[in-house]
Amino acid sequence: MTIRNKSYNKSLVQDRRSGPTAKILYDKKMISAKFVEQYDFDASNVTCIDVCKNTVLGSPNYQVVIYTDEEPTYLLKIYLFDESDCFHEVKYSKNFIVIGCGEKVHFFSIENKNIHSYDLKDYFGHLYPSHDIESDVIKSDTYVASASRLFKFSPSGKLEWESEILGIDGVVIDEIENNVIRGAGEYDPPGGWERFEVRVSDGKIAI
């Protein structure tokens, strides 16, 4: 069986800086989220959450509004501190709104309304929720690509593994077949992509 990334670009170049809206039907309510530079609502009427705020920082680098049935309910203010920042993206994965930017990925729990973050140790690249991939297997894991590695997160938003270095300036997933993730990492930019295969179970190189 082959699982192919629906948005896979054969040129291995994916520009996701626009941060598309994430939408999910949860408990009979439509939950959506998107990056905004400005907002046209009274912030005092929503719950504001500072994410990774440092006392020396000023304005947030990114803002994500979470809507319930099209009404703004949460405003996440995300701060970057001395981090590389190339891409940003928001998607949903099971019970989470997942946000990638800077050098971190953030999981906002739709159920508990809390947020936890993971350091990717390099700039964020892409989000790959399993439901975005054509598959008849479990569709609740989330794969996150940084500039150099892949990370797999469980349906509960916990880190299961991180791969070894697969590139130095970008990692993308092409497909998953027979429990092997196939993709490419860029070692010699621009255009110096090298193929890789890692196991779904532990992220190790498939031999």
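The values are calculated or read from the model by the stated rules, or taken from the named source; none is laboratory data. The shown structure was predicted, so the numbers you read here are calculated from the model rather than taken from an experiment. For neighbour counting, all protein chains shown are included, and Cβ atoms are generated from backbone atoms with ideal geometry for every residue, glycine included. Surface accessibility is based on the protein's heavy atoms, side chains included, excluding ligands, DNA and RNA. Shrake-Rupley method; radii C 1.70, N 1.55, O 1.52, S 1.80 Å.
The slack in the chain from residue 81 to residue 168, taken as 0.36 nm per residue of separation less the alpha-carbon distance, amounts to 29.2 nm.
Ranking 206, 193, 170 by Cα position along the charge dipole of segment 156-207, where only Lys, Arg, Asp and Glu carry charges on their C-beta atoms, puts 206 farthest toward the positive end. Here the simple spin-label model places points 7 Å from the Cα toward Cβ, and for residue 179 and residue 206 these points are separated by 1.1 nm. Checking every one of the trypsin sites (Lys or Arg not before Pro) in segment 25-66 against DSSP loop status and a limit of 11 other Cβ atoms within 10 Å picks out 28. Here the label points at residue 71 and residue 154, each 7 Å from Cα along the C-beta direction, are separated by 3.5 nm in the simple model. For the residues 190, 129, 60, a GNM of the chain with alpha-carbon springs under 10 Å puts the largest fluctuation on 190. Taking amide H positions as modeled 1.01 Å from N, with prolines and chain starts lacking one, the residues under 5 Å from residue 86 and 5 or more places away or on another chain are 102, 124. Protein heavy-atom accessible surface, 1.4 Å probe, per residue over the chain: 51 Å².
Basic side chains Lys and Arg get +1 at the Cβ, acidic Asp and Glu get -1 at the Cβ, and with that the dipole of segment 65-188 about its Cα centre reaches some 480 debye.
Highest GNM mean-square fluctuation among 125, 167, 100, for the chain modelled with Cα contacts below 10 Å: 167.
In plain terms, the chain from residue 45 to residue 113 could stretch by 22.9 nm, reckoned as 0.36 nm per residue minus the Cα-Cα distance.
Coordinate range of the alpha-carbon atoms in the chain per principal axis, descending: 54, 40, 27 Å. Take each peptide in 39-49, 150-160, count the other Cβ atoms within 10 Å of every residue, and average; sorted highest first, the result is 150-160, 39-49. Assuming charge only on the beta carbon of Lys and Arg (+1) and of Asp and Glu (-1), the dipole of segment 47-101 about its Cα centre is about 140 debye to the nearest 20. Evaluating 6.51 cos²θ - 1.76 cosθ + 1.60 at θ = phi - 60° for every residue in segment 173-188, the Karplus couplings come out as 9, 9, 7, 10, 9, 6, 6, 10, 8, 10, x, 8, x, 8, 9, 9 Hz, glycine and proline recorded as x.
Expressed as a whole percent, the accessible area of segment 84-207 that falls on carbon and sulfur atoms is 46 (1.4 Å probe). Each residue of segment 99-114 is assigned a 3J(HN,Hα), and the resulting list reads 10, x, 5, x, 10, 9, 10, 10, 10, 9, 7, 5, 7, 9, 6, 10 Hz, derived from the Karplus form 6.51 cos²θ - 1.76 cosθ + 1.60 (θ = phi - 60°), x at Gly and Pro.
For segment 83-160, the Cα-based Rg and Dmax, in that order, read 11.7, 37 Å.
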